[in-house]
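The values are calculated or read from the model by the stated rules, or taken from the named source; none is laboratory data. Being a predicted model, the structure only gives us computed values, none of them experimental. Methodologically, a virtual Cβ is constructed for each residue, glycine included, from the backbone with ideal geometry; neighbour enumeration extends over all protein chains shown.
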Amino acid sequence: MKITLKICLLLVVWGIFALPAVAQEEEMSKDEMMFVLRVASLLEKNKATEAYKQVNLAIEKYPKNALLYVLRADAGTDLTTKTRQSVYDLPNEKYQMALADLNKAIELNGDLKMIYEMQAQLHLLYQQHEKSVGSYTKLYELAQKDNEKSLMMSVMFNRAVAYQCLNRFEDAIADLQEVAKIEPSNEDCYNNMATTYLKMKNYPKAHEVIDKGLAINPKSEPLRMNKAFTYIKEGKYKLAIKLFTQLIEDPSLNRANKGYYYNNRGEAKMGLGKFKDALEDINESLKHYPENAYAFRNRGLLHLKMGKKDLACADFKQAETYGFSKSYGDEVLKLLAEHCK
């Protein structure tokens, strides 16, 4: 006897994904369904190694079940574990094996939306942004076909991230504007738009969308942070310092964010030429967030301005150690080449 299983569980298991759960039907026997639920349960419990063993057994028995290949891609990359520290520690071999499984799933059932969701996220993790856009676009087409507006909105939100990584800022803005039309109260959408406008150096538009978000939630920490950061970019350092001070004094602030805001306030103070005060803030930042590559970059620049070249070079090297180039570009590498030969 065949059973129709509503596959909502798996999208809950893939906790790193921003897209909502999508109910999709997959015809399978009772035995197949038990394999699927067993593997999904193991993944939910962060037991990826055991899940991988179980799903391999299932594929040997049911090689034409597309969903099993999606599960193996998930288990093989261990994407759901809470211990993964960085998006950059996914080995190329695992990435390629996961993609091979997802391509096999597409051969078996090219309309299974969760395939393209996972494929898009894998591409993002491995910085294959153009491919990620392609996967999101395919997912959008399937969602549009089924008139799943919530899924369409989520795809556009996530595809905008891939567009940002490609410096396709106008495309990112277009997607986020569509999200705002569907859900005008989505403050995260306005925050992402602000981030995009900041990258475009369009500061008036950044303020405009931030203010729209703050009208929805005046206490929004990300929006207030982006507001302060926009002030830094504009050279309005006193306004930035005022906002970062308010954020730092928030008793609900977590340790890492406190470190982040101390660093940014220090950057603003550096812009005003208050080097001693800036150094105090950046040092305080590193107490709260010792792996903050951008804080080491800022302290290195500050040490250069203070004529302390050896300390500056040590900071630039630490910035690289903590992944500055992977996150922010080659600025620190250029500083090392120029000042630390």
All helices (runs of 4 or more DSSP H) inside region 122-193 with 3 or more residues being touching a Leu at 6+ places or on another chain (Cβ under 7 Å): 129-145, 149-165
Which members of region 239-264 meet the condition of being in contact with an Asp or Glu (Cβ under 7 Å, 6 or more places away or on another chain) and farther than 14 Å from ASN292 by Cα? LEU247
Report whether or not THR230 is among the hydroxyl-bearing types (Ser, Thr, Tyr), within 24 Å of the chain's Cα centre (by Cα), in a helix (DSSP H, G or I) and not assigned by TED's automatic domain parsing to the domain that holds LYS149. yes
Could you tell me which residue of region 194-208 is nearest to the chain's Cα centre (by Cα), considering only residues that are at negative phi and in a loop (DSSP other than H, G, I, E, B)? MET200
Options SER154, SER135; residue that is among the hydroxyl-bearing types (Ser, Thr, Tyr), in contact with a Pro (Cβ under 6 Å, 6 or more places away or on another chain) and surrounded by 22 or more Cβ atoms within 10 Å (Cβ to Cβ): SER154
Condition check for GLN164: at pLDDT below 95, within 26 Å of ASP101 (Cα to Cα) and polar (S, T, N, Q): no
Hey, which of the helices (runs of 4 or more DSSP H) in region 238-329, taking only ones fully inside, have at least 3 residues that are of a type in the set (Ser, Thr, Tyr), free of Cβ contacts under 8 Å to residues at least 60 places away in the same chain and crowded, with 16+ Cβ neighbours inside 10 Å? 255-271
Only one residue in ILE248, ILE282 is hydrophobic (A, V, I, L, M, F, W, C) and touching a Gly at 6+ places or on another chain (Cβ under 8 Å), so which one is that? ILE282
Of the residues GLN144, GLN96, which single one is in the same structural domain as VAL36 (by TED's automatic domain parsing), surrounded by fewer than 18 Cβ atoms within 10 Å (Cβ to Cβ) and at pLDDT below 90? GLN96
So, in region 196-223, exactly how many residues are under 20 Å from ASN264 (Cα atoms) and buried (at least 22 other Cβ atoms within 10 Å of the Cβ)? 5
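Okay, residues lined up against (1) more than 17 Å from ALA172 (Cα to Cα); (2) touching a helix residue (DSSP H, G or I) at 6+ places or on another chain (Cβ under 8 Å); (3) free of Cβ contacts under 8 Å to residues at least 12 places away in the same chain:
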| position | (1), (2), (3) |
| --- | --- |
| GLY110 | yes, no, yes |
| ILE115 | yes, yes, no |
| LEU122 | yes, yes, no |
| TYR126 | yes, yes, no |
| HIS129 | no, yes, no |
| SER135 | no, yes, no |
| ASP146 | yes, no, yes |
Out of LEU57, LEU19, I need the residue that is modelled with pLDDT under 85 and under 18 Å from LEU102 (Cα atoms). Which one? LEU19
